[in-house]
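Colleague: Got a structure here, written out as structure tokens. Questions coming.
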Amino acid sequence: MAQLLSHLSVALAPYLGRRRWHVAYSGGLDSRVLLHLVWLMRQRAFAAGESFPEVCAVHVNHQLQSGADAWAGQCQAICSQYNIPFECHRVTIQGSRQGIESLARTARYEVFEAVVEHDDAMLLAHHQDDQAETFLLRLMRGAGLAGLAAMPAARNLGRGELFRPMLNLSRAELEAYAEEHRLEWIEDPSNGNTQYRRNFLRHHVMPVLAERWPNYRNSIAAAAELQAEASELLGSYLSADLKKMTAADGALDLNALRGIEPIRQRALLRHFIFTQFGQRIDRAQSYELVEQFLASSGDSQPVFSLAGGVTLRVFKGRLYCDESPVNKAFDSGLVLNWDTGHACHIEGLGQLSAQAGGRFAPQGELTVRFRRGGERCRLAGHGHSKSLKKLLQEWGIPPWQRDRLPLIYCGDEIAAIADMAICEGYQLPDGEAGIQLQWVWSR
């Protein structure tokens with residue numbers, strides 16, 4: 001007991017100042033041990049008169065087993081014994097049999113991200129055996145450096161942070177601890193189903209590895225850490241290169257990319273997409289992107305769709321990441337009343353806000369509208385009006401953004417075009433303080 005409790009106390013020491021610890025509690029062996037150790041830490045802190053973060057347990061009911069509801073009840077009963085608040089979140093998993101593992105994981109992490117608040121920590125019970133399995137699963141998928149780094153001990157999660165305090169402990173150590181303390185846990189019958197890839201590794205591959213290399217877990221953990229360091233180092237180099245090739249609007253200069261060797265082209269495209277939307281594309285996709293966006297003729301306008309509704313588009317030699325799916329319908333007749341004292345959030349598009357210090361001087365009630373066709377306006381300081389279509393072309397606004405750019409109306413007149421221009425009659429002279437508009441596209 002003392003050894004594991006000491007290990008966890010050291011690992012979690014940097015998190016003692018957090019407001020709340022959420023313990024991901026499935027009821028299985030690993031999370032049962034983690035919950036017990038956290039409870040012991042809290043008991044010792046209270047006995048010593050020390051402060052301790054709030055602790056709550058988060059249980060995700062995937063509804064994939066007939067006993068799922070009963071398991072949630074058992075978990076709640078254990079938490080009641082420990083005087084730890086319990087949250088049960090029911091999720092629905094839909095998809096093919098081969099994809100259940102991935103779909104269930106996605107659903108879990110969506111719950112975790114939703115419950116953590118600012119300055120919270122979400123504690124997960126992954127251990128060294130899990131890390132070895134993850135490494136091998138990703139190796140079999142042909143993962144690169146980032147994938148072979150396996151699971152990080154800590155990372156950002158929504159408004160808080162995810163932390164795995166037991167990643168250096170083996171499952172055997174957790175089993176010994178549970179038996180010593182007579183802890184009861186739930187055995188999911190699907191853990192024996194070797195049709196699932198992780199279970200196949202656990203039951204058929206890991207035992208064979210252990211016979212020949214008893215310390216394989218430590219070796220794989222060390223290899224994963226090396227991949228993580230190499231990935232971080234490569235990422236810093238790629239970010240420096242991308243900074244030189246990225247325009248102010250976040251688009252990637254394809255002409256600059258064409259001037260470097262193919263291996264760097266593919267790496268930079270992968271890193272560009274990851275930094276924009278957190279998606280990692282595979283080797284085949286990176287080759288396809290080079291073919292479509294770098295080897296194609298200059299007048300072509302290829303479109304490439306990624307998971308999650310992300311679309312890659314080209315305009316004037318630049319590559320843009322757009323979260324609007326191809327051919328997604330948009331209601332150009334949308335009209336929103338806007339009080340500049342509050343941000344105007346437009347779902348799926350972005351956010352329009354205002355602050356003191358600019359030169360925009362609205363008159364009367366404001367509405368936010370969008371281009372329907374035929375609009376004209378006279379920009380402040382200009383002698384003649386121009387069609388909005390012509391202005392957007394001159395400014396180099398990508399075609400797919402033109403109908404989605406917010407127009408600020410005073411009455412029936414266009415008073416400002418997003419944060420790009422103010423129209424005649426609505427701009428204050430130099431030295432007078434008005435409103436500064438800001439438009440931020442959704443990411």
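Colleague: Need at least 3 residues that are of a type outside the set (A, V, I, L, M) and within 26 Å of GLN65 (Cβ to Cβ) per element, so show me which strands (runs of 3 or more DSSP E) inside region 76-192 make the cut, counting only ones lying wholly within it. Spell out how you get there, then give the answer.
Modeller: Values: elements: 86-90, 120-123, 154-157, 160-163.
Strands (runs of 3 or more DSSP E) meeting the threshold: 86-90.
Residue by residue, here is whether (1) surrounded by 12 or more Cβ atoms within 10 Å (Cβ to Cβ); (2) under 29 Å from the mean Cα position of the chain (by Cα); (3) part of a loop (DSSP other than H, G, I, E, B) holds:
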| residue | (1), (2), (3) |
| --- | --- |
| ALA13 | no, yes, no |
| GLY17 | no, yes, yes |
| LEU40 | yes, no, no |
| GLN65 | yes, yes, yes |
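Colleague: Being assigned to a helix (DSSP H, G or I) and open to solvent by 60 Å² or more (accessible area, probe 1.4 Å) is the filter; apply it to region 212-227 and report the residue that is nearest to MET151 (Cα to Cα).
Modeller: Within region 212-227, the match that is nearest to MET151 (Cα to Cα) is GLU225.
Colleague: Same structure, new question: If you take the residues of region 236-292 that are part of a loop (DSSP other than H, G, I, E, B) and of a type in the set (D, E, K, R), which of them is most open to solvent (accessible area, probe 1.4 Å)?
Modeller: Residues of region 236-292 part of a loop (DSSP other than H, G, I, E, B): 247-251, 259-261, 278-282.
Narrowing the set further to residues that are of a type in the set (D, E, K, R) leaves 249, 261, 280, 282.
Working: ASP249: 72, GLU261: 83, ARG280: 144, ASP282: 82 Å².
Top of the filtered list is ARG280.
Colleague: A follow-up question, please. Within region 411-433, can you find the residues that are assigned to a loop (DSSP other than H, G, I, E, B) and open to solvent by less than 20 Å² (accessible area, probe 1.4 Å)?
Modeller: Taking region 411-433 and keeping what is assigned to a loop (DSSP other than H, G, I, E, B), we get 411-412, 418-420, 424-426, 428-433.
Passing the criteria: ALA418, TYR426.
Colleague: Of all residues being hydrophobic (A, V, I, L, M, F, W, C), within 15 Å of MET140 (Cβ to Cβ) and open to solvent by less than 60 Å² (accessible area, probe 1.4 Å) in region 161-211, which is farthest from the chain's Cα centre (by Cα)? Just the residue, please.
Modeller: Once the filter is applied, the top-ranked residue is LEU209.
Colleague: So, in region 306-325, of the ones that are at pLDDT 85 or above and open to solvent by 70 Å² or more (accessible area, probe 1.4 Å), which residue ends up nearest to LEU157 (Cα to Cα)?
Modeller: ARG318
Colleague: In region 352-361, how many are more than 34 Å from the chain's Cα centre (by Cα) and open to solvent by 50 Å² or more (accessible area, probe 1.4 Å)? Talk me through it step by step, then tell me what you get.
Modeller: Residues of region 352-361 more than 34 Å from the chain's Cα centre (by Cα): 359-361.
Subset that is open to solvent by 50 Å² or more (accessible area, probe 1.4 Å): 359.
Number of matching residues: 1.
Colleague: Another question, if that's okay. Would you mind stating whether LEU366 is within 30 Å of PHE272 (Cα to Cα), assigned by the TED database to the domain that holds GLY425 and buried (at least 19 other Cβ atoms within 10 Å of the Cβ)? Outline the logic, then answer.
Modeller: Numbers: within 30 Å of PHE272 (Cα to Cα): no; assigned by the TED database to the domain that holds GLY425: yes; buried (at least 19 other Cβ atoms within 10 Å of the Cβ): yes.
No, not satisfied.
Colleague: What residue, of VAL60, VAL33, VAL23, is among the β-branched types (Val, Ile, Thr), surrounded by 13 or more Cβ atoms within 10 Å (Cβ to Cβ) and free of Cβ contacts under 8 Å to residues at least 60 places away in the same chain? Outline the logic, then answer.
Modeller: Working: VAL33 fails: free of Cβ contacts under 8 Å to residues at least 60 places away in the same chain; VAL23 fails: free of Cβ contacts under 8 Å to residues at least 60 places away in the same chain.
Residue meeting the stated conditions: VAL60.
Colleague: Regarding region 86-93, can at least one residue be identified that is more than 30 Å from ALA307 (Cα to Cα), out of contact with any Ser or Thr (no Cβ under 8 Å at 6 or more places or on another chain), modelled with pLDDT of 95 or more and of a type in the set (Phe, Trp, Tyr)?
Modeller: So far as region 86-93 goes, no, none of its residues is more than 30 Å from ALA307 (Cα to Cα), out of contact with any Ser or Thr (no Cβ under 8 Å at 6 or more places or on another chain), modelled with pLDDT of 95 or more and of a type in the set (Phe, Trp, Tyr).
Residue-wise test of (1) modelled with pLDDT under 95; (2) open to solvent by less than 50 Å² (accessible area, probe 1.4 Å); (3) over 20 Å from the mean Cα position of the chain (by Cα).
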| residue | (1), (2), (3) |
| --- | --- |
| CYS79 | no, yes, yes |
| ILE84 | no, yes, yes |
| GLU101 | yes, no, no |
| ALA107 | yes, yes, no |
| GLN131 | no, yes, yes |
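Colleague: Among the residues of region 46-74, write down those that are within 21 Å of GLU110 (Cα to Cα) and out of contact with any Phe, Trp or Tyr (no Cβ under 6 Å at 6 or more places or on another chain). Spell out how you get there, then give the answer.
Modeller: So the first thing to find is which residues in region 46-74 are within 21 Å of GLU110 (Cα to Cα), and the list is 55-65, 68-69, 71-72.
Selection gives CYS56, VAL58, VAL60, ASN61, HIS62, GLN63, LEU64, GLN65, ALA68, ASP69, TRP71, ALA72.
Colleague: Take the conditions out of contact with any Pro (no Cβ under 8 Å at 6 or more places or on another chain), touching a residue at least 60 places away in the same chain (Cβ under 8 Å), in a strand (DSSP E or B) and at negative phi and apply them to ILE408. Does it pass?
Modeller: Details: out of contact with any Pro (no Cβ under 8 Å at 6 or more places or on another chain): no; touching a residue at least 60 places away in the same chain (Cβ under 8 Å): yes; in a strand (DSSP E or B): yes; at negative phi: yes.
When the stated conditions are applied, ILE408 does not pass them.
Colleague: Could you identify the single residue in ALA418, ALA433 that is of a type in the set (A, V, I, L, M, F, W, C), in the same structural domain as GLY358 (by the TED database) and either modelled with pLDDT under 90 or under 11 Å from PRO362 (Cβ atoms) (or both)?
Modeller: Details: ALA418 fails: either modelled with pLDDT under 90 or under 11 Å from PRO362 (Cβ atoms) (or both).
Checking each option against the conditions leaves just ALA433.
The values are calculated or read from the model by the stated rules, or taken from the named source; none is laboratory data. The model shown is predicted, which means the values in this text are computed figures rather than measured ones. Here the Cβ is made from the backbone with ideal geometry for all residues, glycine too, and neighbour counts use every protein chain on show. Only protein heavy atoms, including side chains, enter the accessible area calculation; ligands, DNA and RNA are left aside. Shrake-Rupley method; radii C 1.70, N 1.55, O 1.52, S 1.80 Å.
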